[in-house]
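Here the structure comes first, spelled out in structure tokens, and everything after it is commentary.
The values are calculated or read from the model by the stated rules, or taken from the named source; none is laboratory data. All of these numbers come straight from a predicted model, not from anything done at the bench. Cβ placement follows ideal geometry from the backbone for every residue including glycine, while neighbour counts extend to all protein chains displayed.
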Amino acid sequence: MGYCSRSQAATLIRAGCVTLNRRVVRDPENPVRMPQDRIEIDGSPLEKAPAIYLAMNKPRGVVTTAYDEKSRATVYDLLEPGLPWVGPVGRLDKASEGLLLLTNDSEWAAKITQPSSHMDKKYHVQVDCVADANLLARITRDGDLRAKTARLLRHGDKNSWLEITLDEGRNRQIRRLLEALRVQVLRLMRVAIGPLELGDLKKGSSRPLTLEERLAIDRALPAACDKPPNSEFS
């Protein structure tokens, strides 16, 4: 319904703040039939929130979470005050930067993040060596973490910028892949998700997706994503 995250919903339910057909239910896994069932939160009917789709240019040093036990800056600190709840579509780790999607449309988010989508994600990566053809080949060939494509963008005397494309969303995949090849990542920036490019969006800023951009992402998703699994949204 776009009201809050899955974990936040579970907290509200266990606290007795949520009624299902005017009866308090404290089990977050209790099945609900929508739209027949009536859900209320603290006595107010739950209504589906208007869909929000945002693109953000996440800076380095910011974590992709709503709450951080270490009180670090989060992506939510960068959003406009008063914005209805949205959740990140996938993750970028603290040291990574670039394009991040946020939405309250749970089904849309799940389609993009589930493994069967194979949505291409393009990264620009600065490494601590001058990459040669052998390294580029190994990035796309070696091990379970291998990338879909890798090419050299530019290089200096001691480091290089690579463009690496993934079609999976494994945790810290590029960093782990290059570490296994004894290559250190100096910077990592996501510059595209499917047909959507980061463009000139300023660091730390966000903007709504246009209808054309959202439809382009939808067209890039395979038919296998028509029935998304459970997600981190509620």
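Remarks
- Which numbered condition Arg151 fails, given (1) modelled with pLDDT under 95; (2) surrounded by fewer than 15 Cβ atoms within 10 Å (Cβ to Cβ); (3) of a type in the set (Lys, Arg); (4) in contact with a helix residue (DSSP H, G or I) (Cβ under 9 Å, 6 or more places away or on another chain): (1)
- Options Pro59, Pro88, Pro84, Pro115; residue that is modelled with pLDDT of 90 or more, surrounded by fewer than 20 Cβ atoms within 10 Å (Cβ to Cβ) and within 20 Å of the chain's Cα centre (by Cα): Pro59
- Looking across Pro35, Pro50, one residue alone is under 26 Å from Pro195 (Cα atoms) and exposed (fewer than 15 other Cβ atoms within 10 Å of the Cβ). It is Pro50.
- Restricting the stretch 182-200 to residues that are surrounded by 16 or more Cβ atoms within 10 Å (Cβ to Cβ) and assigned to a loop (DSSP other than H, G, I, E, B), the residue that is modelled with the lowest pLDDT is Gly194.
- Considering (1) over 27 Å from the mean Cα position of the chain (by Cα); (2) in contact (Cβ under 8 Å) with a residue 12 or more places away in the chain, the lone condition that Ala15 does not fulfil carries the number (2).
- For the stretch 55-172, the strands (runs of 3 or more DSSP E) that sit wholly inside it and include 3 or more residues that are touching a Phe, Trp or Tyr at 6+ places or on another chain (Cβ under 9 Å) and either closer than 21 Å to Ile217 by Cα or of a type outside the set (Val, Ile, Thr) (or both) are 97-103, 149-155, 160-166.
- Some residue of the stretch 23-35 being over 26 Å from the mean Cα position of the chain (by Cα), within 24 Å of Glu107 (Cβ to Cβ) and assigned to a strand (DSSP E or B): no
- Residue within the stretch 164-175 that is more than 21 Å from Leu100 (Cβ to Cβ) and modelled with pLDDT of 95 or more present: no
- Yes/no for Leu215 being free of Cβ contacts under 8 Å to residues at least 60 places away in the same chain and either more than 25 Å from Pro88 (Cα to Cα) or in a loop (DSSP other than H, G, I, E, B) (or both): no
- Taking every residue in the stretch 74-85 that is touching a residue at least 60 places away in the same chain (Cβ under 8 Å) and pairing it with any residue that is surrounded by fewer than 17 Cβ atoms within 10 Å (Cβ to Cβ), at least 6 positions away or on another chain, the pairs with Cβ-Cβ distances below 6 Å are Leu78/Gly204; Pro84/Ala49.
- The set of residues in the stretch 118-148 being surrounded by fewer than 19 Cβ atoms within 10 Å (Cβ to Cβ), modelled with pLDDT of 95 or more and small (Gly, Ala, Ser) consists of Ala133, Ala137.
- The set of residues in the stretch 215-234 that are surrounded by fewer than 18 Cβ atoms within 10 Å (Cβ to Cβ) and at pLDDT 90 or above comprises Leu215, Ala216, Asp218, Arg219, Ala220.
- Of the numbered criteria (1) more than 17 Å from Met189 (Cα to Cα); (2) surrounded by fewer than 16 Cβ atoms within 10 Å (Cβ to Cβ); (3) touching a helix residue (DSSP H, G or I) at 6+ places or on another chain (Cβ under 9 Å), the one Lys70 fails is (3).
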